[in-house]
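Input: a single structure, listed below in structure tokens.
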Amino acid sequence: MSVRHAPSAPATNLPGHQVVLGEPEPLRLDCGIALGPFPVAYQTYGELNADKSNAILVCHALTLDQFVAEDHPITGKPGWWDMVVGPGKALDTDRFQVICANVLGGCMGTVGPKEINPETGEPWGLDFPVITIGDMVRAQKMLVDHLGIEQLFCVTGGSMGAMQALEWAVRYPGQIFASIPIAGAARHTAQNIAFHEVGRQAIMADPDWRGGDYMRQGVIPNRGLAVARMAGHITYLSEVALHRKFGRNLQDREGLSYGFDADFQVESYLRHQGMTFVERFDANSYLYITRAMDYFDLPAEFDGQLPRAFEGTETRFCVISFTSDWLFPTSENRAVVHALNAAAANVSFVEVESDKGHDAFLLDEPEFAKVLAGFIDGCAEHHGLNAKR
Amino acid sequence: MTTPLPPLRADLSLIAEMIEPKSRLLDVGCGDGALLAWLDRHKDVDGRGMELSMGGVNACVSNGLSVIQGDADTDLKDYPSDAFDYVVLSQTLQATRNPHTVLEDMARIGRHAIVSFPNFGHWRVRFGLMFRGRMPVTETLSAQWYDTPNIHLCTIRDFVELCREVGVVIERGIALDGLARPLAHAATGRRANLFAENGIYLLRRG
């Protein structure tokens, strides 16, 4: 497999905003290290109103970034949530300001292993501290404070974004009016940790990974990262979706090659996914962010009693899952709902019928968009925000 | 500008009349959320719903109501005691697997419970079984025995007995005819049991 070398795009060349946070007070990470000052890159869509009460923070998933609703600066592809973010859409940018920040440990302008460690003048590499979902959310809170927003109208996201939406609700209950965790969980399951470990081992087995020091040595572990992406990508789909898209169809050939070329369309598709991924993602970031997800375990932080995490919360919740999602299945989402019920929280829960797997939240699912829009409209009404224009 | 709501079904109107303004309410088996929407609009009630059908839940949430996809038989146990002022179970008791437990949970979760159900003691039902020898099919109970969701039908007197066993007090009851018009009979008596097609009861822990 041939792959192009990833261009290391400095944040300054990316559209959107970048701010330096963590000074004078650094960010205290869960691992015990104090981080700061550090850059955070973010993007906004729509305008803040006069009392800054209409901000929606979107939290992105593992391999996504802050380019929610515009063409991606590196790939040129449409924004990952173009389906639901924009004028007149579920997250209506005519009424709300949508904010999305690249997560801590990311590789699109926020501090991460690929950025320069100010102490050494070299890329962080594996000297970058291990971060958690809690750390990501604390960094986002610093950004929200910097923007002068006292209360977010809503925090939402899918997958790892759902973890952040939950973490926000637990850590800053008075500061978010609504939380919409989509296709998420209150803890990462053993099966999901296992899949992440496969991805990490693929990266670390690439001779070009160089113990994480590849940037200084002028190489990039593209093959390992591509395999990690391929394995991950399978978990985002469903058997039905794969079968519908590819079946056993052959790729540009009449018969089997009796070799190890990409005979099948599904192989060719996965290889393409792997190759395009390395153009925009950093291998060490993949290690750090998957680790943060693995460490996520909200119930454990409350002695196994998840309802205690939500005691007394006034936040309005809407939990959404998809029938064919086997990575973050309905049962995991329902566990969150049960805990919220046990805390007598205001919660809605919808399981959307879809055969598209975990990725359904990124795809054109009209029922999903309708539920999202309806919940947000209802919250806006209760929050005293202008009715739909 | 708020859009006007469609008029509330007659039996739901009677339930709505029992609810104090600004109270907290859980509607179990809330369907399309008509009662919740009405109470939100007219009585400023902090309402939540639980509904089994995905279509019903999606319709509710799309309309801005707080509703979860859930099952009265399995999901009521999660709620803490005294979480609500009212827990409503409208035309659903007879479709639960374990009405005894459901009623207990309702009385535990809410300061009040409101239950409405079709009366299997109505004279037409009795008549059908006695003279036709067939499971009754009426306007209220319109499904054939083999595809009815109503697996635990009861009479008003059965319900009164269940309340006694569970230890809840019937504070108020309304016996209804087939058009959901209140009848003059005492809502727990023999006449109601013979002439009411439906009953609505406001309960509290004894």
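Observations
- Enumeration of residues in segment A:186-196 that are open to solvent by less than 70 Å² (accessible area, probe 1.4 Å), in a helix (DSSP H, G or I) and either free of Cβ contacts under 8 Å to residues at least 12 places away in the same chain or touching a Leu at 6+ places or on another chain (Cβ under 6 Å) (or both): A:Ala194
- For segment A:288-322, the candidate set comprises residues that are in contact with a Pro (Cβ under 8 Å, 6 or more places away or on another chain) and of a type in the set (Gly, Ala, Ser); within that set, the residue that is surrounded by the fewest Cβ atoms within 10 Å (Cβ to Cβ) is A:Gly312.
- Within segment A:340-357, tally of residues that are in a helix (DSSP H, G or I), surrounded by fewer than 24 Cβ atoms within 10 Å (Cβ to Cβ) and more than 8 Å from every other protein chain (Cβ to nearest Cβ): 0
- The residues on offer are B:Ala143, B:Ala113, and the sole one that is among the small types (Gly, Ala, Ser) and not in a strand (DSSP E or B) is B:Ala143.
Yes/no per residue for (1) of a type outside the set (A, V, I, L, M); (2) surrounded by fewer than 24 Cβ atoms within 10 Å (Cβ to Cβ):
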| site | (1), (2) |
| --- | --- |
| A:Trp80 | yes, yes |
| A:Asp92 | yes, yes |
| A:Gln97 | yes, yes |
| A:Cys100 | yes, no |
| A:Val103 | no, no |
| A:Gly106 | yes, no |
| A:Pro118 | yes, yes |
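- Number of residues in segment B:174-206 that are under 19 Å from B:Tyr86 (Cα atoms), surrounded by 21 or more Cβ atoms within 10 Å (Cβ to Cβ) and not hydroxyl-bearing (Ser, Thr, Tyr): the value is 4.
- Segment B:32-66 - residue that is among the acidic types (Asp, Glu) and over 16 Å from the mean Cα position of the chain (by Cα) and, of those, nearest to the other protein chains (Cβ to nearest Cβ): B:Asp46
- For first residues located in segment A:159-172 and small (Gly, Ala, Ser), partners that are part of a helix (DSSP H, G or I) and open to solvent by less than 10 Å² (accessible area, probe 1.4 Å) and lie 6+ apart or on another chain with Cβ distances below 8 Å form the pairs A:Ser159/A:His358; A:Ser159/A:Phe361.
- Single condition B:Thr92 does not satisfy, out of (1) without any contact (Cβ under 8 Å) to a residue 40 or more places away in the chain; (2) within 20 Å of B:Val168 (Cβ to Cβ): (1)
- Candidate set from segment B:67-94 (those that are of a type in the set (Val, Ile, Thr) and open to solvent by less than 10 Å² (accessible area, probe 1.4 Å)); member that is farthest from the other protein chains (Cβ to nearest Cβ): B:Val88
The values are calculated or read from the model by the stated rules, or taken from the named source; none is laboratory data. Nothing here was measured: the structure is a model prediction, and the numbers come from that model. Heads up, the Cβs are rebuilt from the backbone with ideal geometry, glycines too, and the neighbour counts pull from every protein chain shown. Note: areas computed on protein heavy atoms with side chains; ligands, DNA, RNA excluded. Shrake-Rupley method; radii C 1.70, N 1.55, O 1.52, S 1.80 Å.
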